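Quick note: the coordinates plus some simple rules give every number you see, no bench work behind them. Source: prediction; values computed, not measured. Positions of Cβ are backbone-derived with ideal geometry, glycine not excepted, and every protein chain shown enters the neighbour counts.
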Amino acid sequence: MSRPPLDIGAYEANDGYQSLHKIAAGMSAADVLETIKSSGLKGRGGAGFPTGLKWSFVPQGESSPQQKYLVVNADEMEPGTFKDRLLMEGDPHLLLEGMIISAYTIGASIAYIFLRGEYHGSVKTLKKAIAEAYEKGYLGSDILGTGYGLDIILHTSAGRYICGEETALLNALEGKRANPRAKPPFPQVSGLWGKPTIVNNVETLCNLPGIITYGIDWYQGLGQGADAGTKMFGVSGRVKNPGVWEMPLGVTIRELLEDKAGGMQDGLGLKAFLPGGGSTDFMLPEHLDLALDYDEISQKGGSRLATGTMIVLDDQTCPVGMIGNLMKFFAHESCGFCTPCRDGLPWVDTIFRDFEAGRGSEKDLSILKEQVDYMGPGRTFCALAPGATAPLGSGLKYFEDDFKEHIQQKRCTYRN
């Protein structure tokens with residue numbers, strides 16, 4: 001980080017923890033839930049599901065389980081994605097404040113941060129912030145005289161991509177193998193140790209303090225399109241200024257890529273890009289003027305906004321090599337629980353190795369297209385394999401000539 005994160009005093013001086021004082025002044029859990037639902041906040045982890053609606057599925061009342069949990073998914077392992085790390089290491093109290101709001105709303109007394117084990121800087125920053133929050137009375141028992149108490153536990157994961165799937169994350173947190181669970185029951189009803197549990201992404205929770213402090217109209221006014229609020233957008237690849245920026249939802253892809261990331265490096269042209277990390281479909285230069293919001297990227301771009309972190313493919317980088325690198329990653333990260341993913345992804349990886357070694361054939365192209373279908377949505381136990389086949393299927397569609405050139409030339413022609 002270029003600057004150290006704010007300590008709790010500096011954070012409070014910039015309206016930090018004001019949302020908790022507002023809640024303590026008279027907002028019930030039902031009031032907070034209705035505020036978040038009305039704000040239009042969508043999950044920032046990838047699926048874009050309405051946050052307030054997700055919380056509303058947690059059973060409440062005297063007949064419901066009294067023990068409930070909040071779990072923060074900070075296991076940021078999506079290729080090309082680095083936004084949550086920036087938030088945790090740059091503004092840790094924003095995450096903690098969001099966690100307290102969420103836990104209060106669903107009635108959770110214990111919250112976990114499930115953190116990617118390789119994020120050593122985040123561990124250090126969060127531990128310090130958690131200690132400061134306890135010391136100031138924002139964590140522990142009877143927070144701000146409300147009678148509500150919350151404890152936050154930081155858990156560093158062993159590091160597997162499958163832990164991005166919320167039920168696999170819960171299994172790992174319980175000390176089990178990180179395999180996805182059958183749904184239903186959903187975690188909101190039966191999650192961590194069989195109790196009602198909400199799993200939210202880091203960035204999602206970081207939106208909550210502003211909504212409560214400044215109000216629904218303020219939050220909705222931040223967006224420039226159909227979706228409310230801002231989003232952390234990132235760009236990696238051979239651009240002049242790779243990085244991550246907070247921008248209004250609804251800005252164009254062109255503004256992100258050209259104005260913020262500075263456009264392509266000198267001598268390079270834009271060939272394609274993955275708009276939301278490694279498990280999204282390729283989009284083309286013709287899509288640059290589409291808005292960065294959930295529906296437009298899906299309906300007009302044929303992809304997903306997902307994490308909002310763009311991976312750029314330039315015209316001097318081989319798309320076959322890029323896709324093959326992603327397939328190698330996804331094959332390694334399959335939990336092996338279901339057959340299409342366990343056997344299909346290593347097979348795909350082997351075919352790409354054959355392409356690189358000059359052993360590819362036309363039959364291999366047919367097999368790859370079949371695998372895209374076999375591992376598509378609804379064919380596997382979780383979304384890992386369908387996500388993995390997003391760049392594969394769209395790559396076969398847009399770059400078939402590059403695949404055929406590998407077969408005919410028996411080598412990658414992008415290399416000298």
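Treating the beta-carbon of each Lys and Arg as +1 and of each Asp and Glu as -1, no other charges, what is the dipole magnitude of the chain about its Cα centre, to the nearest 20 debye? Mind showing how you got there, number by number?
On the way: 40 positive and 50 negative charges, 202 e Å.
Dipole size: approximately 980 debye.
Rounded to the nearest 5, what is the percent of antiparallel bridges among the DSSP beta bridges in the chain?
40
Throw me the Rg/Rh for segment 319-409, computed over C-alpha atoms with Kirkwood Rh, two decimals.
Radius of gyration relative to Kirkwood radius: 0.95.
Kindly rank 212-224, 361-373, 384-396, 32-44 from highest to lowest mean number of other beta carbons found within 10 Å of each residue. Before the final figure, lay out each step's value.
Details: 212-224: 16.9, 361-373: 15.3, 384-396: 24.6, 32-44: 21.6.
Per-residue Cβ counts within 10 Å, averaged per peptide and sorted highest first, yield 384-396, 32-44, 212-224, 361-373.
Looking at the calculated P(r) for segment 154-262, what percent of the C-alpha pair distances fall above 23 Å?
Roughly 52 percent, once rounded to a whole number.
Give the span of the chain's Cα atoms along each principal axis, as three whole-Å numbers ordered largest to smallest.
So the extents along the principal axes, rounded to whole Å, are 73, 44, 36.
Taking the alpha-carbon centroid of each part, what is the distance from segment 110-163 to segment 62-108 in angstrom?
9
Taking Cα atoms, how many degrees apart are the long axis of helix 120-135 and the longest axis of the chain, rounded to 10 and kept between 0 and 90?
10
Once you treat every alpha carbon in segment 8-220 as an equal point and sum by Debye, what is log10 I(q)/I(0) at q = 0.09, 0.12, 0.15, 0.16 Å⁻¹?
Rounded to two decimals, the profile gives -0.31, -0.57, -0.93, -1.07.
Picking from G223, W245, G301, whose Cα lies most toward the positive end of the charge dipole for segment 223-314 (charges on Cβ: Lys, Arg +1; Asp, Glu -1)?
The listed residue farthest towards the positive side: W245.
What translational diffusion coefficient, in µm²/s and rounded to a whole number, does the Stokes-Einstein relation yield for segment 223-314 at 20 °C and a viscosity of 1.002 mPa s, taking the hydrodynamic radius as the Kirkwood radius over Cα pairs? Mind showing how you got there, number by number?
Working: Rh = 12.6 Å.
Using the Kirkwood radius from Cα pairs, D works out to 170 µm²/s.
How are the alpha carbon pair distances in segment 204-266 distributed across 5 Å bins from zero to the largest one, expressed in percent?
4, 18, 24, 18, 14, 12, 6, 3, 1
Helix 92-106 versus the longest principal axis of the chain: what is the Cα-based angle in degrees, 0 to 90, to the nearest 10?
Value to nearest ten degrees: 70.
For the chain, what is the mean residue ellipticity at 222 nm derived from helices alone (per DSSP H run of n ≥ 4: -39500 (n - 2.57); sum divided by total residues; nearest 500 deg cm²/dmol)?
Calculated at 222 nm, the ellipticity per residue is -12500 deg cm²/dmol.
Would you mind checking K42/K300; K42/K240; K37/K176; K271/K404; K240/K369 for any pair whose Cα atoms are more than 29 angstrom apart? Walk me through the intermediate numbers first.
Numbers: K42/K300 20 Å; K42/K240 31 Å; K37/K176 34 Å; K271/K404 17 Å; K240/K369 35 Å.
Check vs 29 Å cut-off fails for K42/K240; K37/K176; K240/K369.
Going down the list K124/K183; K83/K260; K83/K397, which pairs span over 24 Å between their C-alpha atoms? Walk me through the numbers on the way to the answer.
Numbers: K124/K183 35 Å; K83/K260 15 Å; K83/K397 29 Å.
Going by Cα-Cα distance, K124/K183; K83/K397 fall outside the 24 Å limit.
Computed over the Cα atoms of segment 101-165, what is the ratio Rg over Rh, Rh following Kirkwood?
Reported Rg/Rh, Kirkwood definition of Rh: 1.04.
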